[in-house]
Amino acid sequence: MQSLVTVRTCANYDASAVSAVLRTVVDDLGGMHRWIKPGDRVLLKPNLLKSAAPSEAVVTHPAVVEAVAALVLDCSARPFVGDSPPLGNLPRILAKSGYDPFMKRMGIQAVPFTRKRVVEFSDGRLFRRIDLAAEAFEFDAVISLPKLKTHCQMLLTLAVKNLFGTVIGTDKASWHMRSGRDADTFATALVQIYEKIHPRLSVIDGILAMEGNGPNSGQPRQLGIVAASEDAIALDSVVCRLVGFPVDALRTCVIGEQLGVGTADPDRIEVAGDGLQGLPPVKFKPPKSMTVAWNMSRLNPIRRFMENHMVIRPAIDAAACKVCGTCESHCPPHAITQVAGAMTIDRRKCISCFCCHELCSHDAIRIQQPALGRLLGYMTR
Ligand code: SF4
Ligand code: SF4
């Protein structure tokens, strides 16, 4: 299988520049009419993690979604914008994140994901059933519009991870719990979700990306690219290399290739558009939390030692914490409780999923590494 990925440069979010670049990106892949027919109802799925100004680089920029919606309208089809944000309600997030003006102007409806549908998988898959948003299956086509961000648990959140938004609300936390610290288990669930949602096209907004402790509180970083493909595994692998990480570290790419859902093999990916050659070398700051203890048995004493002395953990910054309870109610193993008016984390229960870090709106969850881990990290640099 040969996959085509296109990468184009785009300096900023000027509406006419983004519109022109998005049209070129889609044309690189054969044009929107390849996937969208007149009369189709098309679901656009951006990353809408929380209410955040576009300048924070948390949500997919509205200019990118607007440009893709315009291309859908050009096909005489009807775009919608849908998601199930882990925090807050969709209309409020759309308003605060700058989506309302273009959605009103273009007559685009919001589709909050609220109803569950049991999705079955064949014998060959690790998960035999996953509850996903029924709404995601009620359109003629889905277009995934992720934001390029680092991710505390999965290294990066790109096109495959973006579709975790089709898992409704609190079900997200139970997936983190089921997967624990095993990145490959969670990556397998993500790939299976991608397989079923089957977006016709994925377009990554990497104009203003996020590095460091993403996806919620990393640092915005100007990267100036838009990348797209029909094959989200190939797309994610190209972008992963572009920001300086080895593709093996992005487990959704490895599992996606193993399951035959897409290709992460550079020899089987053609990169079109401006390509990778003209871009300066980029080295994104990884999230601190890429734990060293994944894939080791829970009963293994070496693992216990590493957990106690090396593994990066969340810690609550009492000065910043507003005791709002959000982290407590979303912590998959119930490791966070309020004691005497302050939040505390039970380290024995914590699975280092970093849901709390992702969801805290007050930047009150710090990522801490024990001294031995810091020392070994320094020595192996
Ligand atoms: S750490 Fe953040 S999410 Fe948790 S209670 Fe404090 S402010 Fe709320
Ligand atoms: S305390 Fe935070 S990192 Fe630990 S299990 Fe709970 S949500 Fe996950």
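Of note:
- Using the Cβ-Cβ distance between residue 105 and residue 272 with R0 set to 35 Å, the FRET efficiency works out to roughly 0.65.
- Residue 87-residue 27 pseudo-label distance in nm [points 7 Å out on the Cα-to-Cβ vector]: 4.1
- Cys residues of the chain counted as unpaired, since no other Cys beta-carbon is under 4.7 Å: 10, 75, 152, 240, 253, 321, 324, 331, 350, 353, 355, 360
- Taking 251, 348 and counting other C-beta atoms within 10 Å, the order from fewest to most: 348, 251
- Positive end of the dipole of segment 3-273 (Cβ unit charges, origin at the Cα centre): among 225, 153, 250, the Cα lying farthest that way belongs to 153.
- By DSSP, the beta bridges lying fully in the chain are antiparallel in about 60 percent of cases.
- Among 314, 246, 54: highest mean-square fluctuation, GNM of the chain, C-alpha pairs under 10 Å: 246
- Taking a straight line from the alpha carbon of residue 149, these aspartates and glutamates sit under 16 Å away, with near neighbours fewer than eight places off in the same chain left out: 56, 205, 211, 236, 358.
- Phi angles across segment 65-77 convert, under the Karplus curve 6.51 cos²θ - 1.76 cosθ + 1.60 with θ = phi - 60°, into 3J(HN,Hα) values of 5, 4, 5, 5, 4, 5, 5, 5, 4, 4, 8, 6, 10 Hz, Gly and Pro given as x.
- Phi angles across segment 88-104 convert, under the Karplus curve 6.51 cos²θ - 1.76 cosθ + 1.60 with θ = phi - 60°, into 3J(HN,Hα) values of x, 9, 4, x, 5, 5, 4, 5, 6, 9, x, 8, 4, x, 6, 5, 5 Hz, Gly and Pro given as x.
- For 327, 253, the sequence from fewest to most other C-beta atoms within 10 Å is 327, 253.
- Charge dipole (Cα centre; +1 on Lys/Arg Cβ, -1 on Asp/Glu Cβ; no other charges) of segment 3-273 amounts to roughly 780 debye.
- Using the Karplus relation 6.51 cos²θ - 1.76 cosθ + 1.60 with θ = phi - 60°, the per-residue 3J(HN,Hα) values for segment 49-57 come to 4, 6, 5, 7, 5, x, 5, 7, 6 Hz, with x marking Gly and Pro.
- Global form of segment 230-293, assessed from the alpha-carbon gyration tensor, a/c cut-off 1.5: oblate
- Order of 176, 198 under a 10 Å beta carbon neighbour criterion, fewest first: 198, 176
- Shape category assigned to the chain from the gyration tensor of Cα positions, a/c cut at 1.5: prolate
- Residue-count net charge about residue 272 - beta-carbon cut-off 11 Å; Lys, Arg +1, Asp, Glu -1: -3
- 11 Å beta-carbon shell around residue 34, net charge (K/R +1, D/E -1): 0
- Amide H contacts of residue 3 (H built 1.01 Å from N, under 5 Å, at least 5 apart or other chain): 269, 270
- Estimated FRET transfer efficiency when R0 is 45 angstrom, pair residue 344-residue 134 (beta carbons, to 0.05): 0.75
Every read-out reported here was derived from the displayed coordinates using simple, explicitly stated rules and does not represent laboratory data. Being a predicted model, the structure only gives us computed values, none of them experimental. Don't worry about glycine lacking a Cβ; one is built from the backbone with ideal geometry, like all the others, and counts go over all protein chains shown.
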